[in-house]
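Engineer: Handing you this structure, nothing more for now.
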Amino acid sequence: MCGKFAAGHLTQREMLAITEYFLYGKVSPDLPEQLPSGGYNVSPTNRVGMVRWDGDRAELATARWQIKDPRSKKPMINSKIENVSFWQEYWNKGRCLIPALGYYEWPKDQGHNCPVYITVQRNAPVMFFAGFYRTDDGSHSCTILTRTPSPQIAHIHSRMPLILTPDEIENWLSGVTTAQEAQQSLGAQYEGRFEYHTVKPIKRGAEGEDMIEPYTPPVQTGFDF
């Protein structure tokens, strides 16, 4: 799954330039009125940066990271790529990109005090998660798509977010990539290019670039009685 990620502090002008580069200029110059939360501790219900497709070009927007679909009893932050039937309406008209620097996972065998920060080798300032979004009363909300993990990081968690390569971005966003095609390898092309390391425990309200820096947990060598 993906329950927390780092987005950094790129300005909307910088995000517009990055998006134009990946989508060959097919992006509206309009910027969203609301700003994303940004930072290094992006959590569910925070407002995140989002890119959606509108007609024949992309548009920068922001969205609440948590979808409340009336068919689900609980709000959702992730969407399983395999569950096509439930998300069919979103596959048809509800795809988006969510920019990030990397994300955090908690290996089951290490407990909540040893989070792992995961990212990919790339030349761009950000990477893009594939996501779904919906609009209610003029406000967007979104989820991040997940799939079974690449072998390189399968020991960390049983799921991973779909991280799109530059060649996948436009076809995903514009609807060219079908749900059936996506099952094969969409968002799973970074095998061998993942980078990951343990980071310090993430406390409530934590923030700052040091959150993604490598951390070695202290070794307990004895007990005080």
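The values are calculated or read from the model by the stated rules, or taken from the named source; none is laboratory data. Note that the structure is predicted; figures quoted are calculated from it, not measured. As a convention, Cβ positions derive from the backbone with ideal geometry for all residues, glycine included, and neighbour counts pool all protein chains shown. Protein only, heavy atoms only, side chains kept; ligands, DNA and RNA dropped before computing areas. Shrake-Rupley method; radii C 1.70, N 1.55, O 1.52, S 1.80 Å.
Engineer: If we scan region 51-60, do we find a residue that is open to solvent by 30 Å² or more (accessible area, probe 1.4 Å), touching a helix residue (DSSP H, G or I) at 6+ places or on another chain (Cβ under 6 Å) and not charged (D, E, K, R)?
Structural biologist: Yes; the residues of region 51-60 include at least one that is open to solvent by 30 Å² or more (accessible area, probe 1.4 Å), touching a helix residue (DSSP H, G or I) at 6+ places or on another chain (Cβ under 6 Å) and not charged (D, E, K, R).
Engineer: Tally up the residues in region 73-99 that are open to solvent by 30 Å² or more (accessible area, probe 1.4 Å), in contact with a strand residue (DSSP E or B) (Cβ under 7 Å, 6 or more places away or on another chain) and of a type in the set (S, T, N, Q), please.
Structural biologist: Residues that pass the stated criteria total 1.
Engineer: For PRO44, indicate whether it is modelled with pLDDT of 95 or more, under 13 Å from the mean Cα position of the chain (by Cα) and surrounded by fewer than 18 Cβ atoms within 10 Å (Cβ to Cβ).
Structural biologist: So PRO44 fits the description; yes.
Engineer: If you scan region 6-18, which residues turn out to be in contact (Cβ under 8 Å) with a residue 40 or more places away in the chain and more than 26 Å from TYR196 (Cβ to Cβ)?
Structural biologist: Scanning region 6-18 gives GLN12, LEU16.
Engineer: While we're here: Would you mind stating whether TYR103 is over 26 Å from PRO214 (Cβ atoms) and among the aromatic types (Phe, Trp, Tyr)?
Structural biologist: no
Engineer: Counting just the residues of region 21-41 that are without any contact (Cβ under 8 Å) to a residue 40 or more places away in the chain and open to solvent by less than 70 Å² (accessible area, probe 1.4 Å), which one comes out nearest to HIS157 (Cα to Cα)?
Structural biologist: Looking at residues that are without any contact (Cβ under 8 Å) to a residue 40 or more places away in the chain and open to solvent by less than 70 Å² (accessible area, probe 1.4 Å), I get GLY38.
Engineer: Here is a further query. Quickly run through region 137-157 and pick out the residues that are among the charged types (D, E, K, R) and touching a residue at least 40 places away in the same chain (Cβ under 8 Å).
Structural biologist: Of the residues in region 137-157, the ones among the charged types (D, E, K, R) are 137, 147.
Matches in region 137-157: ARG147 only.
Engineer: Taking region 132-170 on its own, how many of its residues are among the aromatic types (Phe, Trp, Tyr) and more than 20 Å from PRO70 (Cβ to Cβ)?
Structural biologist: Step one: of region 132-170, the residues among the aromatic types (Phe, Trp, Tyr) are 132-133.
Next cut, more than 20 Å from PRO70 (Cβ to Cβ) only: none.
Residues that pass the stated criteria total 0.
Engineer: Please go through region 4-20 and give me each residue that is under 27 Å from VAL116 (Cα atoms) and surrounded by fewer than 15 Cβ atoms within 10 Å (Cβ to Cβ), ordered by number.
Structural biologist: Matches in region 4-20: HIS9, THR11.
Engineer: Inside region 67-83, can you point out the residues that are farther than 15 Å from LEU145 by Cβ and hydroxyl-bearing (Ser, Thr, Tyr)?
Structural biologist: Selection gives SER72 alone.
Engineer: Can you give me the number of residues within region 83-99 that are of a type in the set (D, E, K, R) and part of a strand (DSSP E or B)?
Structural biologist: Qualifying residue count, region 83-99: 1.
Engineer: Here's something else I'd like to know. For region 195-210, does any single residue satisfy the condition of being polar (S, T, N, Q) and without any contact (Cβ under 8 Å) to a residue 60 or more places away in the chain?
Structural biologist: Step one: list which residues in region 195-210 are polar (S, T, N, Q), which gives 198.
Add one more test, that the residue is without any contact (Cβ under 8 Å) to a residue 60 or more places away in the chain, and what stays is none.
No - not one qualifying residue is present in region 195-210.
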